[in-house]
Amino acid sequence: MITPMNETIKQLALIGPTASGKTSLSIEIAQKKNAYILSLDSLALYKEIDIVSAKPTPQERSGIVHFGIDHLYPNEHFDVTTFITLYQEIYQKAVEDGKNLVIVGGTSFYLKMLMEGISNLPAISKATKEKTAHILKDLHQAYRFLYALDPDTMQRISRSDRYRIEKALTLYLETGMVPSEYFRANPPVSLIKGPLRVYQIDIEREELRKRILLRTRRMLKEHLIDEICMLEKKYTRSPNCMKAIGIKETLDYLDGIYSKEMLEEKITTHTARLAKRQTTFNNSQFKGVIKGSVEALKTMLLA
């Protein structure tokens, strides 16, 4: 039952490692719950990255409206604020359209950020942007400058991480407060509107490894190599997404580093390692989660 306008809608989040069955289960849940789906996946977010991201095809989506898929081009930048804006827009649309919401994705760091929130940041003036750009002409000097002011923050930032150094520098120049001081004064506030129950797919490691292998083989059969050739030709290797698992191994294959058999093995192994990291993150970062196999969660949520 949908709640009236201006009241919270029903929403749930589904997390789990890559290839664990989140996509198909989320679609079944959305059909049963009259819901939209918001995908929190850092690769499916991109247009034209279809096979390697394992995003559901239009046919597989079964008429369920998905958001967070095909949102940006590979050469466009995104960060956590992209997903925050998406969630806020989609939540409001769900309320207006009389829909519920299913949040799903392997990149559950973004879900954690939605639940914990981020601090409000100040508007940045043109003068600050210009001064920041001037100082950043010497990135290492900019890093040393900030480290001397705020070692607590800067020791967590790489000396070569231009994006985060720029953010820290801009914040300091605009507010006169070092990042650690600013964020103490402006603590984060949860961005999730209303109750949110989190469900986690629990799957045996060996079973997951088999699923990952099968998915890798399917990707190769569906012309993964051709997709990566197209992406490289159109966008070069410079965008961050071109370093994703499945893409970087295929580029190595095209460079003659791997045989086709090794390509399958490397993608499978690296994906399995990613799945292990995702499971560790989910187990350590989310409390009060309801865990179960795909079948158990299906019985629970579709009853």
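Read-outs: derived from the displayed coordinates by stated rules, not from any lab. As the structure is a prediction and not an experimental result, all values here were calculated from the model. Virtual Cβ from ideal backbone geometry, glycine too; neighbours counted across all protein chains shown.
With each label modelled as a point 7 angstrom along the Cα→C-beta vector, the Asn240-Met300 pair spans 3.2 nm. Hey, of (i) 21.1, 60; (ii) 20.0, 76; (iii) 18.8, 57, which did the structure itself give for Rg and Dmax of the Cα atoms in Å when calculated? Recomputing Rg and Dmax of the Cα atoms in Å here picks out (i).
Between Lys137 and Lys47, the modelled label-to-label distance comes to 3.6 nm, taking each label 7 Å out from Cα in the direction of the beta carbon. When Asp97, Asp255, Asp41, Asp70 are sorted by how many other C-beta atoms sit within 10 angstrom of their C-beta, beginning with the fewest, the order is Asp255, Asp97, Asp70, Asp41.
With Cα atoms defining each centre, the range 28-91 and the range 103-134 are spaced 20 Å apart in the structure. Once the Cα-Cα distance is subtracted from the 0.36 nm per residue extended length, the Glu206 to Asn34 segment shows a gain of 58.5 nm. Scanning residues 5 or more positions from Asn100 or on other chains, those with amide H under 5 Å from its amide H are Ala35, Tyr36, with H placed 1.01 Å from N in the peptide plane. Averaging 1/r over every pair of different alpha carbons in the range 126-185 and inverting the result gives a Kirkwood radius of 11.3 Å. Within the shell defined by Cβ-Cβ distances under 12 Å, the residues around Phe83 carry a net charge of -2, with Lys and Arg each +1 and Asp and Glu each -1.
Among the helices of the chain (complete DSSP H runs), which have Cα atoms covering no less than 18 Å along the helix axis and a Kyte-Doolittle mean of at least -1.0? Helices meeting the criterion: 80-97, 162-175. A Gaussian network model of the chain, with springs between Cα atoms under 10 Å, assigns the largest mean-square fluctuation among Met177, Met113, Met242 to Met177. In plain terms, the chain from Gln285 to Gln59 could stretch by 78.0 nm, reckoned as 0.36 nm per residue minus the Cα-Cα distance. In order along the range 52-63, the Karplus-derived 3J(HN,Hα) couplings, from 6.51 cos²θ - 1.76 cosθ + 1.60 at θ = phi - 60°, round to 5, 7, 6, 5, x, 6, x, 5, 5, 6, 6, x Hz, and Gly and Pro are given as x. I'd like to know which of Ser180, Ile51, Ser160 lies farthest towards the positive end of the charge dipole of the chain, counting +1 on Cβ of Lys and Arg and -1 on Cβ of Asp and Glu. Looking along the dipole axis, the top candidate is Ser180. The slack between Thr85 and Arg156, meaning 0.36 nm per residue of separation minus the straight C-alpha distance, is 23.0 nm. Considering every alpha-carbon pair of the range 175-215, the percent of pairs per 5 Å bin, from zero through the bin containing the longest distance, is 5, 14, 11, 9, 8, 8, 12, 11, 11, 8, 2. For a paramagnetic label modelled at 7 Å from the Cα of Glu261 toward its Cβ, which residues of the range 214-229 fall within the zone defined by backbone nitrogen distances under 17 Å? Within reach of a label on Glu261: 217. Of the residues Met230, Ala133, Met113, the one whose Cα sits farthest towards the positive end of the charge dipole of the chain is Met113 (charges of +1 on Lys and Arg Cβ, -1 on Asp and Glu Cβ, taken about the Cα centre). Projecting label points 7 angstrom from Cα along Cα→Cβ for Leu254 and Ser119 puts them 4.1 nm apart.
Over all pairs of different C-alpha atoms in the range 83-171, the reciprocal of the mean inverse distance, the Kirkwood hydrodynamic radius, equals 15.9 Å. Taking other C-beta atoms within 10 angstrom as a stand-in for reagent exposure, Ser259, Ser119 fall in the order Ser259, Ser119, fewest first. By other beta-carbon atoms within 10 Å, ranking His66, His71 with the fewest at the front produces His71, His66.
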